[in-house]
Structures are given as C-alpha cells and as structure tokens.
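All remarks here apply to the structure that follows.
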Amino acid sequence: MALSQSALSELLDAFRAGDGVDLVRESVHMVMQELIEAEATERIGAGRYERSEDRITERNGSRPRLVTTQAGDVQLRIPKLRKGSFFPSILEPRRRIDRALYAVVMEAYVHGVSTRSVDDLVEAMGADSGISKSEVSRICAGLDEVVGAFCTRTLDHVEFPYVYLDATYLHVRNQTSQVVSMAVVVATGVTATGQREILGLDVGDSEDEVFWKGCMTSLKQRGLTGVRLVISDQHSGLVKALRRCFQGTAHQRCRVHFARNLLAHVPKGQGDYVAAAFRAIFAHAKPEEVDAAWEKTRDEFAARFPKLGPLMDEAKAEVLAFTAFPRAHWRKIWSTNPLERVNKEIKRRSRVVGIFPNSAAVIRLVGAVLIDMHDEWIAGDRRYLSEGSMAKLYELSDNGDTAAIESGE
C-alpha cells in the first residue's frame, strides 16, 4: 500500500525535525519483534492463547535483549519456554564476543605482533589484513565502552554472601615488548536470593598484595556488601589483602588447589592413595565428623610423609571454613570449581589470539565473554542455590544457632 502525498510530507518533516531516527528505530523494533514472535510461534506449535494439537510447549514470560542496529539500540523481548530453550535465528547469541575477538586480533596485527595463524584468522573472518588503525580504534572504542560500563556498574542492588575469586593466566606483551604471563582475575558472587552474577574483572600480578587490595577495594566502592565467605586459592597477596579489606569475613581456601599442594610433596606412586584419602574427609555430613576425619587423615599422612602434617595443620581452618555454613551449600562453596567453566571459556577464546598486545586487549575480550555469561546466568530459570537454603543461611546466622547451621539443609 502506497503512502499518500500528505503522509510522505509529514514523514519528511519528521526527518527534518530530527524525529526520524526514533521513527526508524521504532520501525526496526516492531519488525524484529514480530519476526521473533513468529519464530517462537513456529517453535511452540501455536500462537498466544491458541489451542492446537501441534503445541509442544508453552510460553513462560520473556527476557530482555539489547540489540545494536544501524538505527540505534533496540530493546527486544525474547520468549522463554517452559520446556526447552529458544533463541531467535535473526539474532547473534555471541555477537559481543565475536566483535571483541575481531578487535583484539586486528589490534595485535596493527601492533606488529601477528603470526601466520593470526593472518589466517583475519582472512577467515573475511577482513583484509591491511585494515586501518582508525577502523581498529573505532571497533575497540565501542567495545571498551560496553565492557567498561559492565565492569564498573554498581553492586548495591543486593547482598552477596558468597564471593569467588580466581585467576587464570594469559600471555600479554608488556610496555617493553616482552611477553609475560599475567593473571586475569574474575570475581563472581552468589546473591542473597541464590542467583549468580559476574562481579568484576582485573589483570595483574596474582601474588601482589597491592593488586589484590585494589581489586577488593574497587568491589566495595561499587557497593559490594553482605559478604560472609570468600572462596579462593591461597595467593599470598590475596590473603593479606583479604584481611585488610574484608575484616570479619571467613575465607574458604579451595580444597582442590590444596590437594594439589599436598600431592606435590608425595612420591608419584603414592599420589592416588593420598588423593583418595583426602577426598574421603569431605564425604561426611556433619562438621564434627569432617573435623575428626581431617585429624585422623592428618596423622596417617604425617606418619608416612612428614611434610604433610604441618601443611594440614596450617591449612585446616581455611580449608574447612565451609562447615560453618548450611550443608546444602557445601559442594558449591568448598572450592573454586564453580569458576572452572568461566576460566575454560576464557582460555578457549583467548587461545585464538595467543599473545595479547596489551592488558586493555585482554579486558576487552575477556570482558565480552563475561558479559554474555552474566546474561545467561541472569536469564536462567534455575537459581545457583535455592531460595530456601539462602533463607536458612540468614535465619541461622541472625540467630547465632551454630548447631543448626551445621545440620541445616
């Protein structure tokens, strides 16, 4: 249907007045949302409120998705299903990450640190290896703004009783053009309602107390409150910074990392025995049983491997810190394993780059990975820890009922 001359005139006047951008954006929003709804209807087998024998599931609300288009940012709603998952084909689920990867590879090329594999990747992306520095800067600036806003957002919307800190290591070229191994520290947290969130990201030396103090101070300044337990490895700088920045907060030393420390002092032929005996400590259901098992195992180890006795004595309080919290939480808080998938995804994406040209490139790519992961956690139907168990944590802590905490499910 053609528009009338008067309608065309009104449209032209709107563009001249500067209202045309909103008009175009709204049109794009309407068309994209209708396409999403049509695809969802096809997937479900029926439209809204439609009775059909072909229906295979039902709608269960929706989740927001901000999409950047040539007409500007458009806020869409993606339907959620009661059974299965749905993501519209017109959107790119990993668009931010792909742009970040593109930008990092291009920057590495421009800075003269490319390799044959980087050139091959550039060609596979469909980009001319002679891309200009201005184009790289434009892409990087847009990504840096998004990642920067995410990494500096306020955290005062809810309490985070559990906070996880862990580091993975990437190769980065420093200011003197030397390639060094730098720690990429990711902070995640479990909210008072049992949901997970990405809290922060930083790059530096994992053993440096000043670096860790900066990380923790930043989290507190952004509104992080209500921390009951910090779960991490035993980085020397981290432990010192933790005592300064989170006084009165319990520290859970990752039991998996500690087990590796023990095995480093054991002959290879005895490794399986030590690992199995150490794991058996955590099979008990009550704190007093865990404590007794620890002491028994400690004595057995010390009799055969003298170095293990002092190590277990020194680490006991921090490795068994989880026993002061609800039983239902133990498996999720006695190690940094919940961050394993996060670190694996970071490694998988960064492997393509190999050597990052600078720290900013690391934050750009890793930040994009974390934003998408954060969105998945927030949009998920399942909580990381149940609301009931989180309520028990606060109920028992407020009442000071230690015995109840030990047996609480």
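Among the residues of the stretch 189-216, the ones that are more than 18 Å from Gly148 (Cβ to Cβ) and either in a loop (DSSP other than H, G, I, E, B) or in contact (Cβ under 8 Å) with a residue 60 or more places away in the chain (or both) come to 11 in all. Looking for something in the same structural domain as Ala302 (by TED's automatic domain parsing), buried (at least 20 other Cβ atoms within 10 Å of the Cβ), part of a helix (DSSP H, G or I) and within 20 Å of the chain's Cα centre (by Cα) - is there at least one such residue anywhere in the stretch 217-237? Within the stretch 217-237, one or more residues are in the same structural domain as Ala302 (by TED's automatic domain parsing), buried (at least 20 other Cβ atoms within 10 Å of the Cβ), part of a helix (DSSP H, G or I) and within 20 Å of the chain's Cα centre (by Cα). In this structure, is Arg196 touching a Ser or Thr at 6+ places or on another chain (Cβ under 8 Å), under 23 Å from Leu393 (Cα atoms) and of a type in the set (Lys, Arg)? Yes, satisfied.
Please determine, by comparing only the residues of the stretch 209-227 that are of a type in the set (Lys, Arg) and touching a helix residue (DSSP H, G or I) at 6+ places or on another chain (Cβ under 7 Å), which one is farthest from Val239 (Cα to Cα). Among them, the one singled out is Lys220. Sub-6 Å Cβ pairs linking a first residue in the stretch 357-378 that is closer than 19 Å to Val158 by Cβ to a second residue that is at pLDDT 85 or above and not hydrophobic (A, V, I, L, M, F, W, C), at least 6 apart or interchain, are Trp377/Arg196, ordered by first then second residue.
With respect to Ala328, is the statement that it is modelled with pLDDT under 95, within 32 Å of the chain's Cα centre (by Cα) and surrounded by fewer than 13 Cβ atoms within 10 Å (Cβ to Cβ) true? No: the conditions fail for Ala328. Residues that are surrounded by 19 or more Cβ atoms within 10 Å (Cβ to Cβ), touching a Ser or Thr at 6+ places or on another chain (Cβ under 6 Å) and within 19 Å of Thr168 (Cα to Cα) do not occur anywhere in the stretch 263-284. For the structure I just gave you, tell me whether Ala317 is in the same structural domain as Gly200 (by TED's automatic domain parsing) and either modelled with pLDDT of 90 or more or buried (at least 16 other Cβ atoms within 10 Å of the Cβ) (or both). Criteria met by Ala317. Checked against (1) free of Cβ contacts under 8 Å to residues at least 40 places away in the same chain; (2) basic (Lys, Arg); (3) over 30 Å from Leu385 (Cα atoms), Lys307 passes all but a single condition, namely (1). The condition of being loosely packed, with under 13 Cβ neighbours inside 10 Å, among the hydroxyl-bearing types (Ser, Thr, Tyr) and at pLDDT 90 or above holds for only one of Thr193, Thr152, that being Thr152. Does Thr41 meet the test of being more than 29 Å from the chain's Cα centre (by Cα), modelled with pLDDT of 60 or more, of a type in the set (Val, Ile, Thr) and part of a helix (DSSP H, G or I)? Spelling it out, Thr41 is indeed more than 29 Å from the chain's Cα centre (by Cα), modelled with pLDDT of 60 or more, of a type in the set (Val, Ile, Thr) and part of a helix (DSSP H, G or I). Any residue that is closer than 27 Å to Asp202 by Cα, touching a helix residue (DSSP H, G or I) at 6+ places or on another chain (Cβ under 8 Å) and of a type outside the set (A, V, I, L, M) - is there at least one of those in the stretch 261-279? Yes, some residue in the stretch 261-279 is closer than 27 Å to Asp202 by Cα, touching a helix residue (DSSP H, G or I) at 6+ places or on another chain (Cβ under 8 Å) and of a type outside the set (A, V, I, L, M). Restricting the stretch 238-250 to residues that are in contact (Cβ under 8 Å) with a residue 12 or more places away in the chain and in a helix (DSSP H, G or I), the residue that is farthest from Leu311 (Cα to Cα) is Cys245. The single condition among (1) of a type in the set (Lys, Arg); (2) within 29 Å of Gly226 (Cα to Cα); (3) buried (at least 17 other Cβ atoms within 10 Å of the Cβ); (4) without any contact (Cβ under 8 Å) to a residue 40 or more places away in the chain that Arg253 does not satisfy is (4).
The values are calculated or read from the model by the stated rules, or taken from the named source; none is laboratory data. Keep in mind it's a predicted model, so treat the numbers as computed, not measured. All Cβ positions, even for glycine, are placed from backbone atoms using ideal geometry, and neighbour counts span all protein chains on display.
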